[in-house]
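Remarks on the structure that follows.
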Amino acid sequence: STMRHFKGDAELLQIACEVLANFASLEEEGPPEDATEEEQAEWMSVQRVVYDEEGAKEVLSAIQRMQANSAVVKAGFDALHNICSDLEVSSELVAELAVVPTLIDLGRQFDWDADLLEHLMPLLATLAESPDAAAAVVSLDGIPVIISAMEQHGMENTELLFAGQLALSSLAVHESARDAFANSNAVESLIAMIRENASNAADVGVRAYI
């Protein structure tokens, strides 16, 4: 509600995204073992509650409107990442909202901003576990965006490097993405990073199944 009524207030939107990120980070074990069938059927994860209340939709809308405000965008990425920890919610977010195109677009626009990319990559990695998201990344030529971020900033920002590697690993599980890897220079780029940074080679992994 707050995000809907104060769409132009960057500071408030940032705070709202941070609160949602914290709320959606709560880990739950599910309904109690002694819960009735009705109670089990009615149980919802925190992430599901946030999604059903259109929290993810409002966060994505804030990211799209406030692209020039990196604080809002980063807080929004973190909120969506935590909301997507529920894989069913993650799949619905990909299917119903234009989240993957937004991420790839911002990854291209702000390829110079290592701090922003450090928040973007974990979200992309989580989403890429979904076959639909992986197909969207491939169709939008998103693999070079991930590789470029790792090449430009990875040696100075290990968090971004690991997140980018995780995103590639998540994508490589899907057969549709494997063809894209084969037709791209992804593996060659990763090997080049190892050669150019031999002293940090342990930080740059080439997954055997890519």
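Just a yes or no: is a residue in the range 154-164 at pLDDT 90 or above and assigned to a helix (DSSP H, G or I)? Within the range 154-164, not a single residue is at pLDDT 90 or above and assigned to a helix (DSSP H, G or I).
When the range 22-38 is limited to residues that are in a helix (DSSP H, G or I) and either at pLDDT 90 or above or open to solvent by less than 30 Å² (accessible area, probe 1.4 Å) (or both), the one that is nearest to THR102 (Cα to Cα) turns out to be ALA24.
Quick grid of which residues meet (1) closer than 12 Å to ALA75 by Cβ; (2) at pLDDT 65 or above; (3) assigned to a helix (DSSP H, G or I):
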position	(1), (2), (3)
GLN14	yes, yes, yes
GLU18	yes, yes, yes
GLN40	no, no, yes
MET44	no, yes, no
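Within the range 189-209, restricting attention to residues that are surrounded by fewer than 17 Cβ atoms within 10 Å (Cβ to Cβ) and of a type in the set (Val, Ile, Thr), the residue that is modelled with the lowest pLDDT is VAL206. The set of residues in the range 170-188 being buried (at least 17 other Cβ atoms within 10 Å of the Cβ) and more than 19 Å from PRO131 (Cα to Cα) consists of ALA186 alone.
Does PRO101 count as within 22 Å of VAL72 (Cβ to Cβ), open to solvent by 10 Å² or more (accessible area, probe 1.4 Å) and in contact with a helix residue (DSSP H, G or I) (Cβ under 9 Å, 6 or more places away or on another chain)? When the stated conditions are applied, PRO101 passes them. If you check LEU60 against the conditions, is it out of contact with any Ser or Thr (no Cβ under 6 Å at 6 or more places or on another chain), in a loop (DSSP other than H, G, I, E, B) and at pLDDT 75 or above? When the stated conditions are applied, LEU60 does not pass them. Restricting the range 144-165 to residues that are β-branched (Val, Ile, Thr) and open to solvent by 10 Å² or more (accessible area, probe 1.4 Å) leaves a set whose member that is farthest from ASN82 (Cα to Cα) is VAL145.
Across the range 120-142, not a single residue is classified as over 24 Å from ASP179 (Cβ atoms), open to solvent by 40 Å² or more (accessible area, probe 1.4 Å) and not in a loop (DSSP other than H, G, I, E, B).
The values are calculated or read from the model by the stated rules, or taken from the named source; none is laboratory data. In this text, all values refer to a predicted model and were calculated from it rather than measured experimentally. Positions of Cβ are generated from backbone atoms using ideal geometry, with glycine treated the same way; all protein chains shown enter the neighbour counts. Side chains are part of the model used for accessible areas, which takes the heavy atoms of the whole protein and leaves out ligands, DNA and RNA. Shrake-Rupley method; radii C 1.70, N 1.55, O 1.52, S 1.80 Å.
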